[in-house]
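The values are calculated or read from the model by the stated rules, or taken from the named source; none is laboratory data. None of the values given here were measured: they were computed from a predicted structure. Reconstructed Cβ throughout: ideal geometry from the backbone, glycine too, with neighbour counts over all protein chains shown. The protein model used for the area step is the full one, side chains on, heavy atoms only, and it has no ligands, DNA or RNA in it. Shrake-Rupley method; radii C 1.70, N 1.55, O 1.52, S 1.80 Å.
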Amino acid sequence: MTTKIIELGPHQLALEEPMYFRVQLEGDRVADLDVLPGQVHRGMEHLVMRRNLYQNITLLERLCSLCSNSHPSTFCAAVEEVAGIAIPPRAEYLRAVADEIKRIASHLFCCAVQANAIGEIPLFRRVMEVREIMQRAKEAIYGNRMDLAANVIGGVRYDLPPEAIAYLYQAMEDMKKPLDELYLQFANNPALMARMAWVGVLPSEAAVECAVVGPVARACGIDYDVRKKSPYGAYDRLDFEVAMQTAGDVRARNLVRLAEARQSVSLIEQCLAQLPAGPLCVDTLPEIPAGEAIAKSEAPRGELMYYLRTDGSDFPVRLKWRVPSYMNWDALKVMLKGEPVANIPLIVNSIDPCIACTDR
Amino acid sequence: MHMQVEETTVEPVRLFRINTGSCNGCDVELAVTSAVTEFDVEQLGCRYTEDATEADVLLITGPLTVKARDEVLRLYAETPRDRITVAVGVCPVSGGVFRDSYAVDGPIERYLPVDVNVPGCPPRPQALLAGIGEALQIRQARRAGVEPVGRADGKGQEGDNFPARCRLSFDASVCVDCRMCRHVCAAGAIRFQEVEGGVRLTLWHNSCVFCGLCSHYCPTGALSVTGDWRLDHPAADAFAQVERGDIPYAPCSGCGEPIVPAAPQLLHTAFRRPTPEIDKLTALCPACRQVMSIGAPGR
Amino acid sequence: MTDCTETMTDCAETMPDCAETMPDCAETMPERNNPTSDDLPTAPLSPRERVPEGRVRDAFEDGVAAALAMAAGEETTVTWRRDRKGVSTGWCRLPSGEALLPAARAVAELHGRLAMVTPYLPERAKERGEREIAYHFDLDGATLTLTVVLPLEWARVPSLTPIFRNCDWHERELMELYDVQVVGHPDPRRLFLDHTLPHAPFERLVPYSTFTNAATSKALWDKVLAGEREDA
């Protein structure tokens, strides 16, 4: 068997963002993989130390647009932990609404991109059209289709007046049937099964060893969701099950995502139904003392962790974060081993890799 | 526009994208213009291509990272010489929130000429289509050997259902020069300058990321977010995309020093129902205020 | 050692659901956990609510502390904080750099998952001649942070990749952003930094201007403000 090494770029990998792989092939099968990140490295962990805590809310929202709300909300949670601030109950629910809307849109984008990667263009367009319901809702409520600008230190800076609540209820209603249909399609459609089932398998032992997170882990039967394991915000008062699959293949990962998107609809409805009255934010300009804190959340791609260290000034001494995608690249070595070259784009996209997040 | 429609029946205009290290917001929205019927670039007679050598219009996103630069320039060199280049979002023009990082090598104009800018963070699909439309006009004009005229259509666009966060508006008459807006602006889009007889605020829309934090923290509502999303413009006008206003000095009613008097909006924020005594404070400089309040000069 | 470790493992598995609601809590300042408190950063820990002693959770927290003390030396202590939702974070400053490997092994035996590595230059790093690296582990929803204090210059840490496979990228990033040598890393190439960029841009001892394009802002704004004068 001949061994050769090929370099793949964003075009060959069917990625929206620049990322390069060096792939070792045995015949036409993948034997090994070297991931070469850094194209979207903007030095953000350095920039945040030169920006004050307020500026960092906006800067971090631009870390990545697909999970843009998770970053400022988790960063604000870390600041609030250092300052001993309990955000108002209404703000907890409004943060959850923003996070779940983003989760639905993010998961659908991932499923759409995979449909595109295997040439299922009508399905790609269909998923993107369903996602538009969320895009329109984001613009209607937050004023932008990607970056919501929902968070401030101490709470949120948007409200849901009654007409917005009615609008969101309707949007959630509009999502239910399409999401149910998409789930069945990704679960049972023979053409999708042929491309996605038993493809890119990550056995659960390997998943534990690689320490993968999010839908990639839950598709391997790992029962870990930060919203359950380390509850934050409103999640301790919301009713939901952790979406799980066991096959660890491309299909399982998509079924986890589509089940979660459907569950996010329910979570948003619960938030709207339970939304407590009261203030949106504790204090416009709270005092941030010296200290250190960790805050975590379940971003669309999995566990997101922030570490903040302050010295009583407006600037962080250190602000470090680890995005979920960071943990999932390594598992591609396992998923791709023995797979034909033609499956590489699909499998790579099946971990929903976020390069802007990874590179920072 | 009818000339472009004619062209679609013959050959679509080919769009080619280069991501120079973006947060993916502009890229995901560009994907929408190839996937969602309402915003499909087909309505402009365009189609996306994966082949740089076919690029009629080049769409550039991101602040240009050091690591992406070589590949970006290699792809750019492959595009035809008569391509029209569009900078999508504020990053290619100014770096946006990423400016001044050790890992960022933009603005893109250091390396290649840009024809059209489409501010936004990210721009909504309607704005992307408007920007591409403007590029098509320039392309038509260049092919006909004439100067391009203005942008595709000049009418102000506020009239849709969504109060999108777009152009910022500044009302100098209620500004109290507290500069909180500049303090919270992640993109360094706001500058204050001493000018003749007052203080000038300048907000640059090619750096602004439209987060609205300035307006959120503005105590008097001097800065506000409008829904005007038509910000696309010829790249030659990049530095003229500003919102500005002069906050005039008035003499302190105690000593005559020029000061920025407090706006009534600030008093209402601070005191809810200001008394005439408090009102008097607004026209006093800090030193005179101290004298009035505690009756002794400061050190 | 083995007996004790098994007990710890049991504790970890019997961790209760974190979602229990917390009754009214008094605010207290948690105690410092460093044996040489003079060396601590000036940062006082933030005020935190205390929860009533939950027996199982306490057993877990005590178990983790005991395992670390056994592995890294008995002066090793863990301070636990719980937030309003009952989520625990444990903070442990290791007595020495040598304690890192045994402590990491103990965490692995407790089924800990490496979650993040944070190298940083703490407050007054230069005058104290010290830097720190915090290793954050997930213990089934709780986060344990092990902090090692290293000399500012010629800092070296052992690679944790033999224990935690996923430490690979964390350590590659640590090596390119900071002046720290990771001993025994299997693949010490640069990860994110372009080869044309100088080494260790996060070392604050080097002037910022060497690494940043601070001139960009000035050049752009000069043009914005110049344009203004023209049409004013």
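Numbers below:
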{"read-out": "Lys/Arg +1, Asp/Glu -1 at C-beta; the stretch B:2-144 dipole; positive extreme among B:Ala52, B:Tyr76, B:Val66", "value": "B:Val66"}
{"read-out": "Of all accessible heavy-atom area on the stretch A:71-208, the percent that carbon and sulfur account for (1.4 Å)", "value": "59 percent"}
{"read-out": "In the stretch B:3-87, the GluC sites (Glu not before Pro) that fall in loop regions by DSSP, at most 16 other Cβ within 10 Å", "value": "B:Glu50"}
{"read-out": "List of the stretch B:170-191 residues, accessible area with partners at least 40 Å² below that of the chain alone (1.4 Å probe)", "value": "B:His183, B:Ala186, B:Arg191"}
{"read-out": "Stokes-Einstein D in µm²/s, Kirkwood radius over Cα pairs - the stretch B:2-144 at 25 °C with 0.890 mPa s viscosity", "value": "163 µm²/s"}
{"read-out": "Lys/Arg +1, Asp/Glu -1 at C-beta; the protein assembly as shown dipole; positive extreme among B:Leu203, C:Thr143, B:Pro107", "value": "B:Leu203"}
{"read-out": "Residues in the stretch C:80-102 occluded by at least 40 Å² - accessible area, probe radius 1.4 Å, against chain by itself", "value": "C:Arg84, C:Lys85, C:Trp91"}
{"read-out": "Accessible area buried, both sides summed, chains B and C with 1.4 Å probe, Å²", "value": "2100 Å²"}
{"read-out": "Whichever aspartates and glutamates have a C-alpha closer than 19 Å to that of C:Lys218, once near sequence neighbours (fewer than 8 apart) are set aside", "value": "B:Asp100, B:Asp105, B:Glu109, B:Glu194, B:Asp237, B:Glu243, C:Glu228, C:Glu230"}
{"read-out": "The protein assembly as shown - share of DSSP beta bridges that are antiparallel (%, nearest 5)", "value": "75 percent"}
{"read-out": "Cross-link reach list, lysines versus A:Lys229, counting only Cα pairs under 21 Å and skipping chain neighbours closer than eight places", "value": "A:Lys102, A:Lys296, C:Lys85"}
{"read-out": "Estimated distance in nm for a label pair at A:Leu280 and C:Trp154, the labels positioned 7 Å out from Cα along Cα-to-Cβ", "value": "5.7 nm"}
{"read-out": "Rounded FRET efficiency, nearest 0.05, which uses the C-beta distance separating B:Ala172 from C:Glu127 and R0 of 51 Å", "value": "0.65"}
{"read-out": "Rounded, prolate or oblate (a/c below 1.5 giving rounded, otherwise prolate when a/b exceeds b/c) for chain A by Cα gyration tensor", "value": "oblate"}
{"read-out": "Surface share of carbon and sulfur [accessible, 1.4 angstrom probe, percent] for the stretch B:120-264", "value": "50 percent"}
{"read-out": "Three-way shape label, the stretch B:194-268, alpha-carbon gyration tensor, a/c 1.5", "value": "oblate"}
{"read-out": "Cβ charges +1 (Lys, Arg) and -1 (Asp, Glu), total dipole of the stretch B:180-299, debye", "value": "440 debye"}
{"read-out": "Calculated [θ] (222 nm, deg cm²/dmol) that DSSP helices of n ≥ 4 give over the protein assembly as shown, each run adding -39,500 (n - 2.57)", "value": "-11500 deg cm²/dmol"}
{"read-out": "Accessible area that becomes buried as A packs against C, both chains, 1.4 Å probe, Å², nearest 100", "value": "4500 Å²"}
{"read-out": "Paramagnetic reach from A:Glu209 (point 7 Å along Cα→Cβ, amide N under 19 Å) across the stretch A:324-360", "value": "A:327-339"}
{"read-out": "Å² of accessible area per residue within chain A, as computed with a 1.4 Å probe and no ligands counted", "value": "28 Å²"}
{"read-out": "Spacing of the two label points (7 Å from each Cα toward its C-beta) at B:Asp51 and A:Leu36, in nm", "value": "2.5 nm"}
{"read-out": "Chain A: Cys lacking any partner C-beta under 4.7 angstrom", "value": "A:Cys67, A:Cys76, A:Cys110, A:Cys111, A:Cys210, A:Cys220, A:Cys271, A:Cys281"}
{"read-out": "Residues in the stretch C:135-174 that, when all protein chains are in place, have 20 Å² or more less accessible area than the chain alone would give (probe 1.4 Å)", "value": "C:His136, C:Asp138, C:Asp140, C:Gly141, C:Thr143, C:Arg165, C:Asn166, C:Trp169, C:His170, C:Glu173"}
{"read-out": "The stretch A:248-360: relative contact order as a whole-number percent, Cα under 8 Å and 6+ apart", "value": "19 percent"}
{"read-out": "Within chain A, longest stretch free of exposed GluC sites (Glu not before Pro) [DSSP loop, at most 11 other beta carbons within 10 Å]", "value": "A:1-240"}
{"read-out": "Surface per residue (accessible, 1.4 Å probe) for the stretch B:2-144, Å²", "value": "32 Å²"}
{"read-out": "Sequence-separation-based contact order of the stretch A:12-149, relative, with Cα cut under 8 Å and 6+ spacing, percent", "value": "18 percent"}
{"read-out": "Cα→Cβ-extended label distance, 7 Å offset, between B:Glu11 and B:Thr275, nm", "value": "8.1 nm"}
{"read-out": "The stretch B:61-143, relative contact order [Cα under 8 Å, separation at least 6], %", "value": "35 percent"}
{"read-out": "Interface area, B with A, accessible, probe 1.4 Å, both sides summed, Å² nearest 100", "value": "4400 Å²"}
